[in-house]
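Readers should treat all values here as calculations from the given coordinates under stated rules, not as data from a laboratory. Not measured: the values here are computed from a predicted model. Cβ atoms come from the backbone with ideal geometry, glycine included; neighbour counts cover every protein chain shown.
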Amino acid sequence: MSCHVGIDVGGTYTDAVYLEQGQIQRTAKVPTQEENLVETIVNVLETLNLPDVRQVNQITVSTTLVTNAILQKRLPPVNLLLFPGNGMSLNALPWPVDYQVLSGEMDFRGREVNPSNPSEWQRLSWKERSGSPELVAVVGKFSHRNNSHENRLADYLRKSYPKCQIALGHEWGQANFYRRSLTTHLNLGVTGCYQLFAQQLQTALSGLKIQAPIAILKADGGILPIGKLRPIESIYSGPAASVLAALTQSETSASTIVVDIGGTTTDLGLILSGTPLLSSRGAQIGPYSTLVHSLAVRSIPVGGDSVIETCEQGFELKNYRLGSAYCLGGKALTPTDAMRYLGLIDYGNRQLAEEALASHCPPDLRAPQYYQQLAGDIIEAVVNRIAEAVDSLKREWQDEPAYKVWEVLHPHEAQTFNTLLSGGGAQGLTKALGKRLGTPVQLGVYPEVSNALGAAMARPTFDCTLHLDTYMKRYHVQETGEQGKWMGSPRPYREVEDFLDQLVQKQAEQYGIQIHEIEKEPFDFFPIVQNYQTVGQIIRGAAHLRPGVIGRVVK
Amino acid sequence: MKRTGILFFPAFDWSLGNSHPEREERLLYTQEQLFEEGILDLPQMKQFTPRVASLADVAQAQALFPTPSLYPETLDPHLIAAGSAILLGEARIRGEISNGFVLVRPPGHHSGATVWGNRGFCTINNEAILINQLRARYGIKKIAIVDTDVHHGDGTQDIFYHDPNILFISLHQDGRTLYPGSGFIDEQGGPNAWGQTLNIPLPPGTGDEGYHYVLETWVLPRLQAFKPELIINSAGQDNHFTDPLASMNLTASGYGRITELLQPDLAVLEGGYSIEGALPFVNLAILLALAGEDYHHVREPQKIGRSSLPLATLKPYVETLKKQTQMVKPDFTIHNVKFFPPGEWVYIPRSVYYDTEGFQETRQDFVRKCNHCAGTVYIESQRSHAKTKSVLVRIPFEACPQCEQAGYDLWEYVQQHHQEIHSGLLQNQLHNQHQVWQRKKD
């Protein structure tokens, strides 16, 4: 029997759900102790009161641990060493970290343009007072095509400073030197706190006699075993979880706008024919541009508790909250009060809601028809804000770059969407949002624990992107950074398909995941021509396991 | 903030033939270089997604013969390149971007007013289609094109040869030494647009210094005098010292400087076939220069192998060329055919070679001399070994009533009485309309 636990560690609350065969059996909610996430998780599991811990097959955790460590600047110092070579000036882009520049340059085929210079390495300066580095990230431009400069420097560092931890850029085997540098730097910076968390969590769960494997939710909506994950990939798992939760409640191939309305923030996502839309660029976290794959989501600062202030033009929807809504004993007029007054929700005191609305009307306009008008306008303002963000998300989808004739001639079909609404502020906005977006609107089940539900039902994602240069006789795997020698023919056909299959198998084993439903992209073949002779090929191919869920939730 | 638009469409699934220079691989390394540099992460950079131009967009600039629907070659990749140029041009007009780079293939500047096939790797003319769309839809009047491809931009010249509102300047390796063998100083425009075409043929071996000297002392003053609303750069990259088809000596950073000097509103990729040695670096330098970033550190791995022409040798050559250019006086033949509407018609015969498939087009061009507008153009065209002809009648932007009437009279006459002609296109640029006609079989 499949028994899954999903836990979502949020900023304020930590939620958990327990499902058997896709049916929600129990839910729990406890306050998050920012300083002790492991204890929080233990707490919520105890509150959940699992009927039989031995039956649990898997525990999936979505946590803000890494996100918060980065945004709250709680990272240890990392020494970043770069081989930038020629090209665009480094300072054309904003670098939120400092770095040291070394000589050595590769080109786009992985050929050495200028050698590295070991005599420079002895003169490097370290951030540590002790004079020996603890964390060192080494990144070369085009290191994803040839990692030898990085490797050579790593060898030197290992020999000279046996205790230092080294991270190499080519392990993030995707183009973009700038993002690769920052990603390598950040991931090394958060590794320590992540490993501590992983270790403590495993110990604590053994203490609860839970033997089930633990998986962590990633920004792309996939999961990986806690020990296999690269920590930085766990950022933004919250919004991913809410998209997955929507997926568990919609038909397999439906296209859905996911709207999760909280107290101060509304999260949005897009599901296209059953698959969540991935962002075509890497995730941005604070000042860091990364290579982390994430779902295309929007977070806008508007929610049920957003403060409404009077201004010359009427009123203004503010980006913050001051406690709860007026009708629930708070201090300020909020969209929740407007919903209460109009009878769109049934909680809160209607008298208080009216008071709040009245205080925003001039003395000569204090009558029910004006309150009605104001309340309606407030709801319209909230809905407009959400609709604008939905439009921007749809634009991101439609504006995805295309590099092939086929792609341009076969654009994404215009889809009929429906909207899945969840979160505290959802109920009262159903009608208005449906009208504004022009789609049917459905309310999510268990809105108070939807992220935990999304986590519980998440499945692994998997990408294996091959770049093969048969002339240089080298291959590269984007996701793992693996680089190796190509022994096959210069113009392979079937051979390269088998090769990709082998890579996929190997990588899946390394991650410790089962793969079904693998989706293969058609290969791109680029004949390499010299003096009108074809001398080899560059071949690009990829296999994916797209983000998805293990099943639908049974209502 | 000053924003730079980039439309990158490398057409990774299209080629003119397996080992043809215009093949899938052409922009592959450019992609590697641009993406690795993180140039799309520059705060001022905005990426656009391609669009397909319609045949109607094409018809305002060029006649596809025998008719657009009977045109034999598949047009998809070409229409995407042209559509992408229009898209970025519109973004520029709307002020979404301050400048932009249409980094697309296939190229277009050898494709002229009439098209029977691919020539010089070009089928339709991206810049010309873009320009006429911007004029038709946004009322832009004066546009300058500076063609910095190593080959003479003969197609673009052909399309705008009679148009006084388009200044066309082409810098190229001397036509006596390189395809397409045209672009000499006596080609300065038709009778109504004399001096609006400027050809600057340069000797093989010209390098950065020489090229920049020509821009600063000749091209820029000419541009300033014209005061265009938009400058379009046909940014071919085959002046680079590694180019396999030409013999010039420019560097990537030299191209950055060209861009900085010209300050184009849009750069549109044309040729350039040193796909490893030049394109990744030249494209990077152009893009950085457009974005206002430092391009001086862009350095190609190879060093200049062939000898450069010293500036001291080039200067007197350029001064002589300038003088000779000024001394050329218009010399046109008036030839009023019997059925032509009233007015003086200048006759310019032309022959166009289509190298890709190896055939010849014979043309008889006529333009109505006019003091009020660009003058109606009438072109009879015949593909070699074909029995029939096709015709292009062009009523220009801002046509005067006489010229407009002349255009319609010719269009009528041809259909009813000119049995040799079997199909044709009427371009009415004045009203942004066109008509395609094909003679019914008896």
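When the listed pairs A:Lys127/A:Lys163; A:Lys29/A:Lys228; B:Lys141/B:Lys369; A:Lys73/A:Lys209; A:Lys163/A:Lys228 are checked against a 26 Å cut-off, the alpha-carbon distance exceeds it for A:Lys29/A:Lys228; A:Lys73/A:Lys209. Straight-distance candidates among the lysines for linking to B:Lys387, with alpha-carbon spacing under 23 Å and chain neighbours fewer than 8 residues away dropped: B:Lys338, B:Lys440, B:Lys441. Take every pair of alpha-carbon atoms less than 8 Å apart whose residues are at least six positions apart; their mean separation over the length of chain A yields a relative contact order of 15 percent.
Sparsely packed loop sites in region B:285-338 (the chymotrypsin sites (Phe, Trp or Tyr not before Pro) outside DSSP H, G, I, E and B with at most 15 other Cβ atoms within 10 Å) comprise B:Phe332. Averaging 1/r across all pairs of distinct Cα atoms in chain A and inverting the result yields a Kirkwood radius of 25.8 Å. Projecting the Cα positions of A:Ala204, A:Pro51, A:Pro77 onto the charge dipole of the protein assembly as shown (unit charges on Cβ atoms of Lys, Arg, Asp and Glu, taken about the Cα centre) puts A:Pro77 furthest along the positive direction.
So if we plug the beta-carbon distance of B:Gln433 and B:Gln302 into 1/(1 + (r/R0)^6) with R0 = 56 Å, what FRET efficiency do we get, rounded to 0.05? Here the calculated transfer efficiency is 0.65. For region B:320-390, applying the loop criterion from DSSP together with a ceiling of 16 other beta carbons within 10 Å to the GluC sites (Glu not before Pro) yields B:Glu344, B:Glu357. Shown in residue order for region B:163-174 are the 3J(HN,Hα) couplings computed by the Karplus curve 6.51 cos²θ - 1.76 cosθ + 1.60 at θ = phi - 60°: 9, x, 8, 10, 9, 10, 10, 10, 9, 7, 5, 2 Hz (x for Gly and Pro). The shape of region B:107-155 comes out oblate: with a ≥ b ≥ c from the C-alpha gyration tensor, a/c is at least 1.5 while a/b does not beat b/c.
Most simply put, chain A has about 70% antiparallel DSSP beta bridges, counting only bridges with both residues inside it.
The value of relative contact order for chain B, using C-alpha pairs under 8 Å at least six residues apart, is 14 percent. With 0.36 nm allotted per residue and the present C-alpha distance subtracted, the A:Arg54-A:Arg26 stretch has 8.5 nm of extension available. In plain terms, if you count all Cα to Cα distances in the protein assembly as shown and split them into 10 Å steps from zero, the share in each step is 2, 10, 17, 19, 17, 14, 11, 6, 2, 0, 0 percent. The Cα atoms of chain B give a gyration tensor whose axes a ≥ b ≥ c have a/c of 1.5 or more with a/b greater than b/c, which makes the shape prolate. Taking chain B as a Gaussian network, Cα atoms linked when under 10 Å apart, which of B:Asp243, B:Asp149, B:Asp41 shows the biggest mean-square fluctuation? Most flexible of the set in this elastic network: B:Asp41. Based on DSSP H segments of at least four residues, each scored -39500 (n - 2.57), chain A has a per-residue ellipticity at 222 nm of -9500 deg cm²/dmol. Taking all Cα pairs closer than 8 Å and separated by 6 or more residues, the relative contact order of region A:462-545 comes to 39 percent. Here is what passes the span test in chain A: the DSSP H helices with alpha carbon length of 15 Å or more along the helix axis and a Kyte-Doolittle mean of 1.0 or above are A:37-48, A:237-248. Using the Cβ-Cβ distance between B:Ser54 and B:Arg176 with R0 set to 35 Å, the FRET efficiency from 1/(1 + (r/R0)^6) comes to roughly 0.35. Sequentially through region B:225-240, phi angles give Karplus couplings (6.51, -1.76, 1.60; θ = phi - 60°) of 5, 6, 6, x, 7, 9, 10, 10, 9, 7, 8, x, 10, 8, 7, 5 Hz, Gly and Pro residues having no value and appearing as x. Report the calculated FRET efficiency for A:Glu112 and B:Lys142 (r = Cβ-Cβ distance, R0 = 45 Å), to the nearest 0.05. The computed FRET efficiency comes out at 0.35. Dipole magnitude for the protein assembly as shown: computed about the Cα centre from +1 point charges on Lys and Arg Cβ and -1 point charges on Asp and Glu Cβ, it is near 400 debye. Only helices at least 20 Å long along their axis, Cα-based, and averaging 0.0 or more on Kyte-Doolittle count here, so list those DSSP H runs from chain B. Within chain B the helices that satisfy the rule are B:76-93.
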